[in-house]
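Colleague: Quick one: the structure is below, and I'll ask about it shortly.
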Amino acid sequence: MRTTAVTDLFARRATLARSGRLLGAFRYEQSDPDRFYSTLAADTESMVADLWKAGHPSGNRGCTVLDVGGGPGYFARAFTQAGWNYVGVEPDPAEMHAANAVRGGPGNFVRASGMALPFADRSVDVCLSSNVAEHIARPWQLGSEMLRVIRPGGLAVLSYTVWLGPFGGHETGLWHYLGGARAAARYTRRHGRPPKNYYGSSLFGVSAADGLDWAASTGALVAAFPRYHPRWAWWLTALPGAREFLVSNLVLVLRSPNTDD
């Protein structure tokens, strides 16, 4: 697999129209989560499938994808319907049981932490983590675990929300630019309850530079790009400083370092 080839298929899908559809779906995260997460799950499966097919022309049918932080089953449905052998890892039992993920839903789920995945070395084809890294204090320990479990020729796809981007504060909105704790306190005063994602305990300031530095240090990085941007805006990832505000969500694609080209 050539270093530049891994994104070739997905780049064709990364259009301005796609970006507009996803941005439109984000408006429904609170009011209609099924609509939002179903849209996001389908788009994520398409992205992962394209990244996989770039180096495996036979496709993904029967391949195993391990989804760290799989949540309530939206991703399980999208990946299973597309022919993947889906395994979700989720530490929160409430998330596992939501949307009937455990009883009667597609895929398989394991209650465990991404900090210590209960899977053997080189045991899965793809390991995915979507919007989890910003919610844990040691995100690159998660990344190292993801690399450990992928087979030779496999991919680790780690996508996370950049702190200084417009969605870095999650439900606290742009107030996170005044500080995570201040934004959480304002949200609590306004809504009468604390935010779901509380800065310093379940939300952390992860930068684009941190992720790129870690990925480069592994020797396994094959691509990095803004998840929701059209292809013509991917160059923003290469701009130190500016990328922290403009990338929004960064995708790191890593390949098993024990695979020969």
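Colleague: For the chain, just run the numbers: alpha carbon Rg, then divide by 2.2 N^0.38 Å, N being how many residues it has.
Modeller: Numbers: Rg = 17.5 Å, N = 261, 2.2 N^0.38 = 18.2 Å.
Ratio of Rg to 2.2 N^0.38 Å for the chain: 0.96.
Colleague: So if I place +1 on the C-beta of Lys and Arg and -1 on the C-beta of Asp and Glu, and nothing else carries charge, what would the dipole magnitude of the stretch 39-191 be about its Cα centre? I want it in debye, nearest 20. Write down the numbers at each step before the final one.
Modeller: Working: 13 positive and 12 negative charges, 54 e Å.
The dipole of the stretch 39-191 has a size of about 260 debye.
Colleague: Please report, as a whole percent, how much of the solvent-accessible surface of the chain comes from carbon and sulfur atoms (probe radius 1.4 Å).
Modeller: Accessible surface attributable to carbon and sulfur in the chain totals 54 percent.
Colleague: Now for a separate question. Between residue 225 and residues 5 or more places away or on another chain, which pairs have amide H atoms under 5 Å apart, with H built 1.01 Å from N, and which residues are they?
Modeller: Amide H neighbours of residue 225: 251.
Colleague: Same structure, new question: Net charge within 12 Å of residue 210 by Cβ-Cβ distance, Lys/Arg positive one each and Asp/Glu negative one each, not counting residue 210 itself? Write out the running numbers ahead of the final one.
Modeller: On the way: positive: 138, 243; negative: 134, 213, 244.
Combined, the nearby Lys, Arg, Asp and Glu give -1.
Colleague: Something else about it: Calculate for the chain the 222 nm mean residue ellipticity that helices alone would give, adding -39,500 (n - 2.57) per DSSP H run of length 4 or more and normalising by residue count, nearest 500 deg cm²/dmol. Walk me through the numbers before you get to the answer.
Modeller: Values: 9 runs with 90 residues, N = 261.
Taking each H run of at least 4 residues, the total per residue is -10000 deg cm²/dmol.
Colleague: Evaluated at 20 °C with a viscosity of 1.002 mPa s, what Stokes-Einstein diffusion coefficient in µm²/s does the stretch 52-202 have when Rh comes from the Kirkwood expression over alpha-carbon pairs?
Modeller: Numbers: Rh = 16.6 Å.
The estimated diffusion coefficient comes to 129 µm²/s.
Colleague: Here's another thing I want to ask about it. Where nothing but the Cβ of Lys and Arg (+1) and of Asp and Glu (-1) is charged, how large is the charge dipole of the stretch 108-195 around its Cα centre, in debye to the nearest 20?
Modeller: On the way: 10 positive and 5 negative charges, 83 e Å.
The dipole magnitude comes to about 400 debye.
Colleague: In the Gaussian network model of the chain, springs joining C-alpha atoms below 10 Å, which of 175, 163, 84 carries the largest mean-square fluctuation?
Modeller: Highest fluctuation among the options: 175.
Colleague: What number comes out for accessible area per residue over the stretch 34-192 if the probe is 1.4 Å? Units Å², please.
Modeller: Details: 6560 Å² over 159 residues.
Dividing the accessible area of the stretch 34-192 by its residue count gives 41 Å².
Colleague: For the pair residue 122 and residue 188, how long in nm is the line joining their label points, each one 7 Å along Cα→Cβ?
Modeller: Once both label points are built, they end up 4.9 nm from each other.
Colleague: Only Cα pairs within less than 10 Å get springs; with that Gaussian network setup on the chain, which residue of 215, 133, 238 has the largest fluctuation?
Modeller: Highest fluctuation of the listed residues: 238.
Colleague: As a test of understanding, state the convex hull volume per residue of the stretch 167-207 from its alpha carbons, in Å³.
Modeller: Numbers: hull volume 2.4 nm³, N = 41.
Looking at the stretch 167-207, the number lands at 58 Å³ per residue.
Colleague: Picking from 119, 79, 225, which is most flexible by a Gaussian network model of the chain using Cα springs under 10 Å?
Modeller: Result: 119 has the largest fluctuation of those listed.
The values are calculated or read from the model by the stated rules, or taken from the named source; none is laboratory data. Worth saying up front: this structure is predicted, and the values here are computed from it rather than measured. Using ideal geometry, Cβ is built from the backbone for each residue, glycine included, and neighbour counts are taken over all protein chains shown. Protein only, heavy atoms only, side chains kept; ligands, DNA and RNA dropped before computing areas. Shrake-Rupley method; radii C 1.70, N 1.55, O 1.52, S 1.80 Å.
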